[in-house]
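Enquirer: I'd like to ask some things about the structure below.
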Amino acid sequence: MVKKLLHTRMRVNDIERTVKFYQDALGLTVARRSVSPRGAQIVFLATPNSDEEIEICQLPHSPAVQVQPDLMHLAFEVEDLAEFTRGLEQRGFKLSDGPTPTSSGSTIAFIDAPEGYEVELIQRAK
């Protein structure tokens, strides 16, 4: 039986552009960087109030990443979605969908990362 989720890996075409997006749009921080035995550049991003990390990987000499619509997404809780969205827009980012109220009383919105991976923003019902 597993103990806990440690990280999720996503392969990208431009690791620096992707890392910059997660830092600038969401405020994530670089926990560490490395190069794998196969030569892949790897960056682990730390997420606030969570032990899980996001592993961003750029593998040299591999086919380009082409993310299909609605393939997968990461979801982050925000305190105030309207305020968070204003901050995104001030930093030059736009929502790709929403905000949308849900049947549970939460409000969700999406922003797209550079390769087309979706990032869901959730303001939970109070």
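No lab work stands behind these numbers, since they all come straight from the coordinates. What you are looking at is a predicted structure, and each value in this text was computed from that prediction instead of being measured. Cβ sites come from the backbone with ideal geometry, for glycine too, and all protein chains shown count toward neighbours.
Enquirer: Straight-line reach from Lys3: which aspartates and glutamates have Cα under 20 Å away, leaving out those fewer than 8 places along the same chain?
Expert: Candidates past the 8-residue exclusion: Asp51, Glu52, Glu53, Glu55.
Enquirer: Then there's this: Say R0 is 35 Å: what FRET efficiency, to the nearest 0.05, do Gln90 and Met1 get from their beta-carbon distance?
Expert: 0.20
Enquirer: Also: DSSP loop GluC sites (Glu not before Pro) in region 1-86 with at most 15 other Cβ atoms within 10 Å of their Cβ, which ones?
Expert: Details: sites: Glu16, Glu52, Glu53, Glu55, Glu77, Glu79, Glu83; in loops: Glu52, Glu79.
Sparse-neighbourhood loop GluC sites (Glu not before Pro): Glu52, Glu79.
Enquirer: Using only the alpha-carbon atoms, how far is helix 15-26 inclined from the longest principal axis of the chain? Give it as 0 to 90 degrees, nearest 10.
Expert: 20 degrees
Enquirer: Out of all DSSP beta bridges with both ends in region 7-123, state the antiparallel percent to the nearest 5. Can you show the working numbers first?
Expert: Values: 21 of 31 bridges.
In region 7-123, DSSP labels about 70 percent of beta bridges as antiparallel.
Enquirer: If the cut-off is a Cα-Cα distance under 20 Å, which lysines reach Lys94, setting aside same-chain residues fewer than 8 apart in sequence?
Expert: Lys20
Enquirer: Next question. When only C-alpha pairs under 8 Å and at least 6 residues apart count, what is the relative contact order of the chain, in percent? Please report the intermediate quantities before stating the final value.
Expert: Working: 221 pairs, mean separation 29.4, N = 126.
It rounds to 23 percent for the chain.
Enquirer: Taking the 0 to 90 degree range and rounding to the nearest ten, how far is the long axis of helix 81-90 tilted relative to the main principal axis of the chain, both from C-alpha atoms?
Expert: The two axes meet at around 60 degrees.
Enquirer: In whole Å, what are the Cα extents of the chain along the three principal axes, biggest one first?
Expert: Here the Cα extents, ordered largest to smallest, are 47, 37, 25 Å.
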